Amino acid sequence: MSHVAPLIIVFPLVGFLLVLVNGRSLSNRLVGAIATGVVGLSFVSSVVVFVLLLHDQSREVTVQLFTWISVDTLHVPAALLVDPLSITMCLFVTGISTLIHLYSTAYMDGEKDFRKFFLYLNLFVFSMLTLVLANNLVLTFVGWEGVGLCSYWLVSFYFDRDSAASAGKKAFIYNRIGDVGLLLAMFLLFLHTHTLTYLGIFSSTSLISPAIATLVVLALLLAATGKSAQIPLFNWLPDAMEGPTPVSALIHAATMVTAGVYLLVRMSPILALSSSGRMSIAIIGGVTAFVAATIATAQKDIKKVLAFSTVSQIGYMVLAVGVGAYGAAIFLMISHAFFKALLFLGSGSVIHSLGGEQDMRKMGGMAKWLPLTFPTFLIGWLTISGVPPFAGFWSKGDVLTNVFAHNKALWVLGVLTAILTAYYMTRLFILTFRGSERFREVTHQHDPHESPLVMTAPLVILAVLSVLGGLLDLPWAHGFSLTHFLSPTFGFVAPIPSQSTVLQTGLAAVDVAAVVIGLFAAFTIWRNTVESSTFERPFFEHVWRWDDAYDATLGRPLARAARVSNDVVEDRIIDAAVEGVGGSVRRSGEGIRKLQAGMVRQYALAMVLGVTVIVVYLVGRAR
Amino acid sequence: MTIPAAWYLILAALLFGVGAFGVVTRRSALIMFMCIELMLNAVNLTFVTFARTMSDIGGQTTVFFVMVVAAAEVTVGLGIVVAVFRRRASTSVDELSELQG
Amino acid sequence: MLALAYAIPDVLVFASAAILILVGAVGVIAMKNPVHSALCLIMCLLGVALAFLAQEADFLAAAEIIVYAGAIVVLFLFVIMFLGVDKSQHPHVEPLIGQRWLAGVGVLVTVAGLITLMASSHWVSGVLSASTNGTALATGSDNITQLGDSVFTTYLLAFEATAGLLIIAVVGAVLLARRERPIDSDDVVEVIDVDVSAWDDLEDVDDVEDVQS
């Protein structure tokens, strides 16, 4: 295993380097093939490692690569930790990345920066896998920063558009704020445990006092809110839709945004030490899920709806983490990766067929023109809405069941969010695929065309996965479920009060009822309507005025402070001091330069007077 | 009894003073050079006086070297004066003030 | 007083040397005409030579007259003649404020200080050479022989260095005094003169004359 595991991260790196070095001499087709191929190989390696791990009794293998940092008591190896959690992440990250790479070769065809796109994409996959497989926080941080950086590049891929450039900056800065949290958590943990490897930290949890544990958990939560787009750092994600659609699918649905959840799950033994910290996580997750869902109801841009639905779904995952249902969180993460990638790629197919139009008001009736995209998207819609027996029903049900066991209020919030989810997804579906054809203006009276096979094939695969994803973790398959497979990784699983089958069935019925309510409401309202001021509240459309609030509380005061320091501190204090020093030197120089009159005889006189002084001194001393 | 050393030393001091005053007050480069010669001779006189007083031939040897150096100095100095005069048509050092600050 | 304390010839010799030196020196700095200054310098140097003689420095006295009064002063006179006697400057007008006044005070204080030092010090004869391994000034021996011995033994290295110094000085003086290839303004003016004479018929000669001036 130690020989295969490094290949998982080496392949994307090799692809990145190949394209980086030979980029100009390779044709676009070859670049696409290399980039897709290396990620595919990475997926194959993951499968091999997974199979090997299944035969490994310890279920926990550390693969040493080399010693990276060794200073005094700080020892950071470059090593991989292969355990059920990391390999599960690897499997779905590489699997979905392969599909998205394949899709991108067609979607990005004809782009002028085609090679650069795959360069970034490969580097992103490498970073993500480093993040997932690292056996210590520092190496994880490297991947953490790597995905943030690639995200910045990919969001501002169309950097000649102002909106894309500023969206990239926004994503990067929000991520940086979260990074501070991760750094703080690392500092605190090293201060108290003197190690940064996961296993080292977990084996010395006794050294961490409850107060410190709460601080660490809150810091990790800050990191997760940044990377996984949770309140209060969630509003970079919708703006990140400025990037090409495959990027939205890859980064902002399937992989990168799950990094925060992954980190929380990875640090579950620390989370176990602080119940108040877990409570904060649960509240953040639940509130984010609800707020983002309300916002998604009022968006007009198809990708914005999906973006907020992503935020909302990740809110569910964080909520699950908060109540200690790590298995449910990972289960939702995986099924979400399937159906959200499917939805994004499907929306990309729609956008592609309409020549780049993203406004749902200018779509409609697309079902007729997209014979492959339509049914797959239909499956995606049903899955995310939570219609049984698709994956979304099982994973969301899993989360909600666990939440119900711990906190009824959050459960109610979760069910409300489920209603909203079904509602806004149905609205999106109807506006896009049903109703009258409103796209003629956009397409200049041409008929929309279905996307090529390399784009639709991933859709079909993802649709199949969305349908079957529920099999991963069926509630009654205890011995063979995902949760069972993952459970050795979780240092602590909050005890779930044993729920009777009746209760579980009842909760599932509530979930179904929520879905039905959402679907029914959406059909009633949107069957014949394109715009509705009643149901598209400006408050929701403008993201609860979140950006405005930041602007008022942070942006403008900071800008004012910057102006003050520029106009007053810089000009009148720093510059004045600097120029004062310079000026005084210059003025004294002006005075002193008169001594250098160029008059030889004056210099001679100075010498004579110098001799006089010496002689006077000698006379004085002789006395 | 011979003339005491102090007399010669006082004489040399006076000569030095006159030379120094000349260097500082006269503007002609030529006269300044002559005044420098006066000062050098004052020093020479001191050396010779001490050589006699101390019964050491080293003092006279030094005077010998001072003469050689003075000769070299005058040679180069007058060369410079000639070269400057070609450009300026003047031997006044006051006009050579390009290097003022 | 003097006559009683010291031998009259000695006092006379010292007095003549002192008068020659001081009068000559004052002459050098007071004369308006550089030629006169140079002649006063000779007088002063003769006085110095006399003082050397009186103090048993025969060779240096001769060298003083031959090298200084002869060669160096002749070089001065040669340069004065070569450049033309520059009488334009007025030695009694001082452009630098306070220069003369400060110089006077400085020099006076210095000389007074030196005299104080000289007069108040007591010089012990013949003690230094023994203590410093110097060559003793033997009264009986020939002064030139002693000096030669000293120069070619104890001070041989310095002597060779002065030889190098003289060579460098000579080469430097030749380089300094050598006239460059004349691309002088005089030549250019002559060329323009020729052109102007050829352009007599042209109307705008004035402009050319402006250039010329």
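So, in nm, how far is label residue C:178 from label residue A:527 when the simple model puts each one 7 Å beyond its Cα toward the Cβ?
11.3
By how many degrees, between 0 and 90 and to the nearest 10, does the Cα long axis of helix A:162-193 differ from the longest principal axis of chain A?
The two axes meet at around 80 degrees.
Name the shape class, rounded, prolate or oblate, that the alpha-carbon gyration tensor gives for the range A:405-452, where a ≥ b ≥ c are the square roots of its eigenvalues, rounded holds for a/c under 1.5, and otherwise prolate holds if a/b is larger than b/c and oblate otherwise.
Judged from the Cα gyration tensor, the range A:405-452 comes out prolate (a/c at least 1.5, a/b above b/c).
So if we plug the beta-carbon distance of residue C:121 and residue A:595 into 1/(1 + (r/R0)^6) with R0 = 41 Å, what FRET efficiency do we get, rounded to 0.05?
Using R0 = 41 Å, I get an efficiency of 0.70.
Report the C-B buried area as the accessible area lost on both sides summed, probe 1.4 Å, in Å² to the nearest 100.
Buried: approximately 7300 Å² between B and C.
Roughly how big is the C-A contact, given as buried accessible area in Å² (both sides, 1.4 Å probe, nearest 100)?
1100
Which whole-percent values make up P(r) of the range C:1-87 when all C-alpha to C-alpha distances are grouped in 10 Å steps starting at zero?
Histogramming the range C:1-87 at 10 Å steps yields 19, 39, 27, 11, 3, 0 percent.
Under a Cβ-only charge scheme (Lys and Arg +1, Asp and Glu -1), can you give me the dipole magnitude of chain B about the Cα centre, in debye to the nearest 20?
The calculated dipole for chain B is roughly 200 debye.
Give me the net charge of residue B:67's neighbourhood, meaning all other residues with Cβ under 11 Å from the Cβ of residue B:67; Lys, Arg count +1, Asp, Glu -1.
-3
Under the classification rounded if a/c is under 1.5, otherwise prolate if a/b is larger than b/c and oblate if not, where does the range B:5-90 fall, given a ≥ b ≥ c as square roots of the Cα gyration tensor eigenvalues?
Judged from the Cα gyration tensor, the range B:5-90 comes out oblate (a/c at least 1.5, b/c at or above a/b).
Over the protein assembly as shown, with the other protein chains present, what is the accessible area per residue in square angstrom, probe 1.4 angstrom?
44
Please determine, in degrees from 0 to 90 and to the nearest 10, the orientation of helix A:84-107 with respect to the longest principal axis defined by the Cα atoms of chain A, where the helix direction is its Cα long axis.
90
Quick one: how many lysine pairs in chain A have C-alpha atoms under 20 angstrom apart, if they're 8 or more apart or on different chains?
18
Below 15 angstrom from the Cβ of residue A:446, what's the summed charge of the other residues (Lys, Arg +1; Asp, Glu -1)?
Residues near residue A:446 contribute -1 overall.
Radius of gyration and Dmax for the range A:155-224's Cα atoms, expressed in Å?
Rg then Dmax for the range A:155-224, in Å: 16.9, 53.
With springs only between Cα atoms under 10 Å apart, run a GNM on chain B and tell me which of B:89, B:29, B:72 wobbles the most.
Largest GNM mean-square fluctuation: B:89.
Keeping all protein chains in place and using 1.4 angstrom, which order do A:490, C:152 fall into by accessible surface area, from largest down?
Sorted descending by solvent-accessible area, the residues read C:152, A:490.
Evaluate the Kirkwood expression for the hydrodynamic radius of the range A:573-614, namely the inverse of the mean inverse distance over all pairs of different C-alpha atoms, and round to one decimal in Å.
Averaging 1/r across every pair of different Cα atoms and inverting gives 12.5 Å.
Sorted from largest down, what three extents in whole angstroms do the Cα atoms of the protein assembly as shown have along their principal axes?
149, 91, 50
If I model a spin label at residue A:54 and residue A:549 as a point 7 Å from the Cα along the Cα→Cβ vector, what separation in nanometres do I get?
4.8
Can you give the calculated 222 nm mean residue ellipticity of the protein assembly as shown, where each DSSP H run of n ≥ 4 adds -39,500 (n - 2.57) and the sum is split over every residue, rounded to the nearest 500 deg cm²/dmol?
Rounded to the nearest 500, the figure is -23000 deg cm²/dmol.
Treating the angle as unsigned and between 0 and 90°, give the value, to the nearest 10°, between the Cα long axis of helix A:391-406 and the longest Cα principal axis of chain A.
In chain A, helix A:391-406 runs at an angle near 70 degrees to the longest axis.
What does the net charge come to around residue A:573 if you take all other residues with beta carbon closer than 15 Å to its beta carbon, with K and R at +1 and D and E at -1?
Charge balance in the 15 Å sphere: -3.
May I ask you to give the percent of accessible area on the protein assembly as shown that is carbon plus sulfur, with a probe radius of 1.4 Å?
Its accessible area is 68 percent carbon and sulfur atoms.
Convert each backbone phi in the range A:413-426 into a coupling constant with the Karplus relation 6.51 cos²θ - 1.76 cosθ + 1.60 (shift: θ = phi - 60°), then list the ³J(HN,Hα) values in order as whole Hz, x for Gly and Pro.
Couplings: 4, x, 5, 4, 4, 4, 4, 4, 4, 4, 5, 6, 6, 5 Hz.
Classify the range A:352-447 as rounded, prolate or oblate from the Cα gyration tensor: take a ≥ b ≥ c as the square roots of its eigenvalues, call it rounded if a/c is under 1.5, otherwise prolate when a/b beats b/c and oblate if not.
Prolate, because a/c is 1.5 or more and a/b exceeds b/c.
Which Cα, out of A:248, A:607, B:67, lies furthest along the positive dipole direction of the protein assembly as shown (beta carbon charges, K/R +1, D/E -1)?
A:248
Using a 10 Å cut-off around each Cβ of peptide B:36-46, what is the average number of partner chain Cβ atoms that fall inside?
5
For a quick protection proxy, order the peptides B:58-70, A:92-104 by their average other-Cβ count within 10 Å, most packed first.
For the peptides B:58-70, A:92-104, the packing ranking is A:92-104, B:58-70.
The values are calculated or read from the model by the stated rules, or taken from the named source; none is laboratory data. Note that the structure is a prediction, hence the values are computed from the model and not measured. Don't worry about glycine lacking a Cβ; one is built from the backbone with ideal geometry, like all the others, and counts go over all protein chains shown. Keep in mind that these areas ignore ligands, DNA and RNA; they rest on the heavy atoms of the full protein, side chains included. Shrake-Rupley method; radii C 1.70, N 1.55, O 1.52, S 1.80 Å.
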